[in-house]
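Trainee: Below you will find the structure I want to go over with you.
The values are calculated or read from the model by the stated rules, or taken from the named source; none is laboratory data. Keep in mind it's a predicted model, so treat the numbers as computed, not measured. Please note: Cβ atoms are built from the backbone with ideal geometry, for glycine as well, and neighbour counts cover all protein chains shown.
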Amino acid sequence: MDVSINYLAVAVAAALAFAIGGLWYSPILFARAWMREAGVDEARLQGGNMAKIFGLAFLGSVVMALNLAFFIGDKGTLAFGLFAGAAAGIGWVAMALAIIYLFERRSMKLWLINGAYQVLILTVMGGVIGAWR
């Protein structure tokens, strides 16, 4: 497989996803609803190793962006990148979460919050990677 990857675009896409997550799960947008639906409180959120959590979350964003870059391959255009990201977000990630949430008896509201975030970041990642050839 001979696919040229723009690693700077991958890094920027991952950083954007990480930044969007900071806003998405902030009190400005969905923090309160997410905490309620996920069954977490401030004390539990503050109790973890934040450097480890944020570091691994960013690493996960890099892996997602790199995987999407390989998927997009050399067909990169803004339109194809946006489509590929949205298709991955809706068809794979949001549906995988839906299946898990059904069996875990989690709320549709939690699925909408988390699933929409994944669709959004994968669409943004795909746009950046597809456009930045």
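Trainee: Out of Ile121, Ile99, Ile72, Ile90, report the one residue that is part of a helix (DSSP H, G or I) and loosely packed, with under 12 Cβ neighbours inside 10 Å. Outline the logic, then answer.
Mentor: Working: Ile121 fails: loosely packed, with under 12 Cβ neighbours inside 10 Å; Ile72 fails: loosely packed, with under 12 Cβ neighbours inside 10 Å; Ile90 fails: loosely packed, with under 12 Cβ neighbours inside 10 Å.
So the residue among Ile121, Ile99, Ile72, Ile90 that is part of a helix (DSSP H, G or I) and loosely packed, with under 12 Cβ neighbours inside 10 Å is Ile99.
Trainee: Same structure, new question: Regarding Ala79, is this residue exposed (fewer than 13 other Cβ atoms within 10 Å of the Cβ), of a type in the set (A, V, I, L, M), in a helix (DSSP H, G or I) and in contact (Cβ under 8 Å) with a residue 12 or more places away in the chain?
Mentor: Working: exposed (fewer than 13 other Cβ atoms within 10 Å of the Cβ): yes; of a type in the set (A, V, I, L, M): yes; in a helix (DSSP H, G or I): yes; in contact (Cβ under 8 Å) with a residue 12 or more places away in the chain: yes.
So Ala79 passes the test.
Trainee: Could you check segment 39-55 and list, in sequence order, the residues that are within 24 Å of Arg106 (Cα to Cα) and either of a type in the set (A, V, I, L, M) or modelled with pLDDT under 90 (or both)?
Mentor: Once the filter is applied, which keeps residues that are within 24 Å of Arg106 (Cα to Cα) and either of a type in the set (A, V, I, L, M) or modelled with pLDDT under 90 (or both), segment 39-55 yields Val40, Asp41, Glu42, Ala43, Arg44, Leu45, Gln46, Gly47, Gly48, Ile53.
Trainee: So, in segment 103-112, exactly how many residues are in a helix (DSSP H, G or I) and either under 22 Å from Arg32 (Cα atoms) or of a type in the set (Lys, Arg) (or both)? Steps first, answer last, please.
Mentor: Of the residues in segment 103-112, the ones in a helix (DSSP H, G or I) are 103-104, 108-112.
Narrowing the set further to residues that are either under 22 Å from Arg32 (Cα atoms) or of a type in the set (Lys, Arg) (or both) leaves 104, 108-112.
Number satisfying all stated conditions: 6.
Trainee: Something else now. For segment 59-69, give me each residue that is surrounded by 15 or more Cβ atoms within 10 Å (Cβ to Cβ) and over 29 Å from Arg36 (Cβ atoms).
Mentor: Within segment 59-69, the first condition is being surrounded by 15 or more Cβ atoms within 10 Å (Cβ to Cβ), and the residues that meet it are 61-62, 64-66, 68-69.
Hits for segment 59-69 are Val62, Ala65, Leu66, Leu68, Ala69.
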